[in-house]
Amino acid sequence: MELTEMYGQLGISGPVLQFAKEVEDSLKERFQAIDQVAECNQLKVIKAMQEARVSDIHFAATTGYGYNDLGRDTLEEVYAKAFHGEDALVRPQLISGTHALTVALSGNLRPGDEILSPVGKPYDTLEEVIGIRESVGSLKEFGITYRQVDLLENGEFDYENIRKAINERTKLIEIQRSKGYDTRPTLSVKKIGEVIAFIKNIKPDVICMVDNCYGEFVETIEPTDVGADMIVGSLIKNPGGGLAPIGGYIVGRRDCVERAAYRLTAPGLGKEVGATLGVSQSLYQGLFLAPTVVASALKGAIFAANVYERLGFEVVPNGTESRHDIIQAITFGTPEGVIRFCEGIQAAAPVDSFVTPEPWAMPGYDSDVIMAAGAFVQGSSIELSADAPIKPPYAVYFQGGLTWYHAKLGILMSMQKLLDAGIIRL
Ligand SMILES: *Cc1c(COP(=O)(O)O)cnc(C)c1O
């Protein structure tokens, strides 16, 4: 009763609430399963923090070179323990996921080496890093070559062509866990383990690196549990728990992490330097909250998939399939559809709810793009956010939600906007 009234005050009408309630009621079991994964991951993180003997002295800021930054070194121990790697590099100086991946790649590759992606084209920003699209400073400029083997049409690995692509120069395998903004399926950790086993069987000394962005804590195991030599990700996505104001991580084999550290700072300096400037507490606390935050985002994604599937739109992943990342795509088929959806996400935000997102010509894109985000941390995509290129098939990608209730409000608001515009009928 009271809730209905409060939703009403926020602009959500009775028919939207009623429709949403039916969908939510049908998802009880799935939400329960998500909570179980979160519980397991919460314990994993607490155990890692206890074993590393985290204490309030670790929250202190360092400046300058950052020699003997205990907070930084202990946080890296926590990441290594939680993700079951030998070592970790977790730094505010890794300014994004793309940067962390760049450091991991360029630290571990040498002229004449070759990268192989057995899962098709990598994330957009990596195209210039690798040199698939020409860019100043790309790995290609340093004599590092690249090959890819696309997934088969049914989403399976093309084992035969992977075998053929591996040669004496193949040094590093880049496996992207999440589909990102592509249309292929996201890989489960188990499947990642299968392809790693296959590749290591052919060439045991190859480095298997997983782009783990958007995948952390979605399952109870991570790619490091199934043979990955390095996992790499962004702290303004899942593992930062919404609190990390910046940062990236690399976890894995000690020698791989060390080579990456020599690239991030300087040969000879490696992990010994890098002041934390007072952000350590947010990185610890964010990691602590990350399992439940990821669970909230997942509930939002599954709720949205079921709402919009029932309303007749194509959704990827669909309402019932299992989840391996937090991204949800919904195809509206018209510019109006994606614009109204984004307006709803924006209107439900705690920050900047009063602004109206509009499509614009963003650099690097071949069509106008609309983005909705009312975030505490700029660009944070573990916070509820949505974006869509204004071109066919007019699909919106959305992700995040620090709390399930906020994710839910965002989706209700998107439905309300679409209802008001006459695009959906309830
Ligand atoms: C987000 C993301 C990245 C890195 O993006 P940044 O915006 O630089 O953090 C890389 N790969 C995938 C799959 C991603 O989702």
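The values are calculated or read from the model by the stated rules, or taken from the named source; none is laboratory data. Everything numeric here is computed off the predicted structure, so don't read it as measured data. When we count neighbours, we look across all protein chains shown, and the Cβ atoms used for this are built from the backbone with ideal geometry, even at glycine. Quick note on the areas: whole protein, heavy atoms, side chains included, nothing else; ligands and nucleic acids left out. Shrake-Rupley method; radii C 1.70, N 1.55, O 1.52, S 1.80 Å.
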Once the Cβ-Cβ distance between residue 10 and residue 365 is put in as r, and R0 is 45 Å, what FRET efficiency do you end up with, to the nearest 0.05? 0.90
To the nearest 10 degrees, how steeply does helix 254-264 sit against the main Cα axis of the chain, on a 0 to 90 scale? 80 degrees
Estimated D of the range 256-369 in µm² per second, where Rh is the Kirkwood radius over Cα pairs and Stokes-Einstein applies at 20 °C, 1.002 mPa s: 118 µm²/s
Any idea what the dipole of the chain comes to, in debye rounded to 20, about its Cα centre with Lys/Arg Cβ at +1 and Asp/Glu Cβ at -1? 440 debye
Can you tell me the 0 to 90 degree angle between the C-alpha axis of helix 335-347 and the longest principal axis of the chain, rounded to 10? 80 degrees
For a quick check of understanding: with a 1.4 angstrom probe and all protein chains in place, what accessible area in square angstrom does residue 84 have, to the nearest ten? 100 Å²
Dipole of the chain, positive direction: furthest Cα of 99, 398, 224, with charges on the beta-carbon: 224
If you average the C-alpha positions of the range 357-426 and of the range 206-247 separately, how far apart do those two centres end up, in angstrom? 24 Å
Quick one: pull the percent of accessible area on the range 336-398 belonging to carbon and sulfur, 1.4 Å probe, ligands and nucleic acids left out. 55 percent
Give me the 1.4 Å probe accessible area per residue for the chain, excluding ligands and nucleic acids, in Å². 43 Å²
Heavy-atom accessible area ranking, 1.4 Å probe, most first, across 404, 360: 360, 404
Degrees between helix 28-51 axis and first principal axis of the chain (Cα, 0 to 90, nearest 10): 30 degrees
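Below 8 Å between Cα atoms, with a sequence gap of 6+, how large is the relative contact order for the chain in percent?
Working: 886 pairs, mean separation 75.4, N = 426.
So the answer I get is 18 percent.
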Let me check I've understood the local charge: for residue 44, count other residues with C-beta under 14 angstrom from its C-beta, Lys and Arg +1, Asp and Glu -1. What total comes out? -4
What is the calculated FRET efficiency for residue 151 to residue 376, with r their C-beta to C-beta distance and R₀ = 25 Å, to the nearest 0.05? 0.10
Can you pull the semi-axes for the range 236-294, root of five times each eigenvalue of the Cα gyration tensor, sorted largest first, whole Å? 25, 14, 8
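When the accessible area of the range 125-187 is split by element with a 1.4 Å probe, what percent falls to carbon and sulfur? All intermediate terms of the calculation are to be shown ahead of the outcome.
Details: 1670 of 3350 Å².
Summing carbon and sulfur atoms, their accessible area is 50 percent of the total for the range 125-187.
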Taking the simple approach of a point 7 Å from Cα along Cα-to-Cβ for both residue 320 and residue 95, what is their distance in nm? 4.7 nm
Report the semi-axes of the equivalent ellipsoid for the chain in whole Å, largest first, where each axis is √(5λ) for an eigenvalue λ of the Cα gyration tensor. 36, 26, 20
